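*Asks:* Just dropping this structure here.
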Amino acid sequence: TMFKGSAFILIGGKSERFNSPKWKAVIGGDSVLNRLWNVCSNFENRFVVGKEKPENLNKLFIHDEFGLQAPINGLYTALKHTETDWNLLLSCDLPLMDANVFKVLWDAKTNKSNLVIPIINDRFQGTCALYHKCILPLVESAIDRSEYSLFSLANKVSPIKINFINDNRFWNMNTKKDYKQIIKYVSKQN
């Protein structure tokens with residue numbers, strides 16, 4: 001199924017704990033960015049969002065609207081540029097994400113909802129969620145007030161919450177140690 005929506009893959013983070021751009025990290029023979037780009041292939045539109053366009057990037061790229069280091073910046077940029085109602089925000093912190101998760105989120109949305117968000121171990125996963133473009137003004141005013149938490153934003157819009165219990169697809173890659181564990185895990189799967 002094609003989703004009449006857009007996917008925005010965030011590569012804007014400083015990756016301070018990682019010490020190099022996460023999106024370039026290679027897992028299972030492919031970069032994290034290529035992996036995520038490919039799992040988003042069911043979306044009508046796909047974009048990469050970041051601070052500066054990587055050299056030789058052959059994917060549609062959008063510059064972050066603001067200089068601030070927070071995923072809400074990527075969300076604002078995505079909703080400002082999107083031409084579709086529904087938009088997936090996806091961070092390079094989640095290299096094991098797969099298309100089945102997006103299908104679950106996509107199928108859960110309703111005409112009355114404006115956010116479909118996974119919950120992993122009782123925590124909102126705002127950087128793998130579907131946002132309706134109608135919340136752009138809310139995002140904008142949150143940034144104006146320096147409220148950069150996607151969690152507090154989610155609480156303002158009565159989200160549809162989807163529980164994923166102990167799901168490895170939501171494995172968060174923050175450090176080189178995480179990266180090594182993920183590589184080990186992926187090589188066992190194949």
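*Asks:* When residue 48 is evaluated against the numbered criteria (1) under 24 Å from residue 145 (Cβ atoms); (2) surrounded by 14 or more Cβ atoms within 10 Å (Cβ to Cβ), which criterion, by number, is the only one it fails?
*Replies:* (1)
*Asks:* Go through (1) among the hydrophobic types (A, V, I, L, M, F, W, C); (2) in a loop (DSSP other than H, G, I, E, B); (3) more than 23 Å from residue 159 (Cβ to Cβ); (4) under 16 Å from the mean Cα position of the chain (by Cα) for residue 94 and report which single condition fails.
*Replies:* Every listed condition holds for residue 94 apart from (3).
Residue-wise test of (1) open to solvent by less than 70 Å² (accessible area, probe 1.4 Å); (2) among the hydroxyl-bearing types (Ser, Thr, Tyr); (3) over 17 Å from the mean Cα position of the chain (by Cα).
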position: 108; (1), (2), (3): yes, no, yes
position: 115; (1), (2), (3): yes, no, no
position: 119; (1), (2), (3): yes, no, no
position: 129; (1), (2), (3): yes, no, no
position: 143; (1), (2), (3): yes, no, yes
position: 148; (1), (2), (3): no, yes, no
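*Asks:* Continuing with this model, one more query. Please determine, by comparing only the residues of region 59-85 that are without any contact (Cβ under 8 Å) to a residue 60 or more places away in the chain and aliphatic (A, V, I, L, M), which one is nearest to residue 149 (Cα to Cα).
*Replies:* Here the answer is 62.
The values are calculated or read from the model by the stated rules, or taken from the named source; none is laboratory data. Worth saying up front: this structure is predicted, and the values here are computed from it rather than measured. Here the Cβ is made from the backbone with ideal geometry for all residues, glycine too, and neighbour counts use every protein chain on show. To get the accessible areas, we keep the full protein, side chains included, count just its heavy atoms, and leave off ligands, DNA and RNA. Shrake-Rupley method; radii C 1.70, N 1.55, O 1.52, S 1.80 Å.
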